[in-house]
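Remarks on the structure that follows.
The values are calculated or read from the model by the stated rules, or taken from the named source; none is laboratory data. Note that this is a predicted model, so its numbers are computed, not measured. Backbone-built Cβ (ideal geometry, glycine too); neighbour counts: all protein chains shown. These accessible areas exclude ligands, DNA and RNA; they are computed on the full protein's heavy atoms, side chains included. Shrake-Rupley method; radii C 1.70, N 1.55, O 1.52, S 1.80 Å.
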Amino acid sequence: MQLETYISDLLYRYECVTIPDFGAFLTQTVSANIDGATNSFYPPKKIVSFNEQIQKNDGLLANYIADVEKIPFEIANKKIAQRVKILKSILTQGETLTFKNIGEITFNKEGKILFEPSYHLNYLTDAFGLSEFIVPSVTREVYKEDVETIEKVVPIAVTPEKRKSKSYLKYAAVGLIALTIGGLGASNFYVKKIEQHNQIAQEEAAQKLESKIQQATFNLNPLPPVTLNVTKKITGNYHIIAGAFRVEENCDKKVAQLKAKGFNARKIGVNKYGLHQVVYGTYETSNDALEAIRNIRKNENKDAWLLVKKLD
């Protein structure tokens, strides 16, 4: 039994997942941050830690395993206990325990447990779709030097230091008046030429268009109407799981119930445990999926969870 798969599922929804008689994985939400030295932006996330002092069985892990594998709660506890014996044996032999997408656990020289978290998954569902990115730095001094070079030719001050003095307004006003008087006559001349050119071009275009329309009218062959039945394909990698069933007939009943409530429910296939999965719906963006799962957890099923997977 691979405990890390079940633990990973639960870390999306809970802040503490305990392995009885072994320890507990804890999560702490940290806000987004910026590294000014590298211009890197990091989204909000959950940081995973391990506390070997928390070993009391709270039933969370066993209940989840019993629900997924469709086995009694007592048998789930026995399977966990057997797995814990193996984990402890691996540690005492000096080997490293690897929990996929969670982290690694080892014994140090003093015999204490050391935990190194993995950062491959972000367990904060509100941050789905967000990733680290780096932006190039803005070098403002380069533009300032270019502007100062232009000022040597054009007597209009534009740098921040010279804006403090309003004397540049005088030069700007004089230049504007000179340009207006000198360009008024040329402007009127070119405007008239442009209007004449546009009028001729419009008349030629209208004649060509009329000729095309007449030719097309005589060449049209009416075709019988065709009716196409098109089924819209459901796309998206974000699926809100409503349940998983060993018997496919129960799966079909669940789909019918959800459709009766207005959900775009469907089956998305069998998972690696041989269970038929039913979804409330599939969404193309993480924002749509998160908004939908909040409403479903509030009004329908507090245990609904989000599966991010590209379906075949």
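A few points about this structure:
- Restricted to segment 7-21, and to residues there that are open to solvent by less than 10 Å² (accessible area, probe 1.4 Å) and over 23 Å from the mean Cα position of the chain (by Cα), the residue that is nearest to residue 58 (Cα to Cα) is 18.
- Hey, residue 109 more than 29 Å from the chain's Cα centre (by Cα), open to solvent by 80 Å² or more (accessible area, probe 1.4 Å), free of Cβ contacts under 8 Å to residues at least 40 places away in the same chain and more than 30 Å from residue 278 (Cα to Cα) or not: yes
- Condition met for residue 79 (open to solvent by 90 Å² or more (accessible area, probe 1.4 Å) and either touching a helix residue (DSSP H, G or I) at 6+ places or on another chain (Cβ under 7 Å) or not aromatic (Phe, Trp, Tyr) (or both)): no
- The selection criterion, being in contact (Cβ under 8 Å) with a residue 24 or more places away in the chain, within 23 Å of residue 10 (Cβ to Cβ) and open to solvent by 40 Å² or more (accessible area, probe 1.4 Å), does not hold for residue 278.
- Listed by position, the helices (runs of 4 or more DSSP H) inside segment 56-174 whose residues that are modelled with pLDDT of 70 or more number at least 2 are 60-69, 73-92.
- When residues of segment 245-289 are limited to those that are assigned to a strand (DSSP E or B) and β-branched (Val, Ile, Thr), the one farthest from residue 124 (Cα to Cα): 270
- With respect to the conditions (1) surrounded by fewer than 17 Cβ atoms within 10 Å (Cβ to Cβ); (2) modelled with pLDDT of 85 or more, residue 38 falls short on a single one, namely (2).
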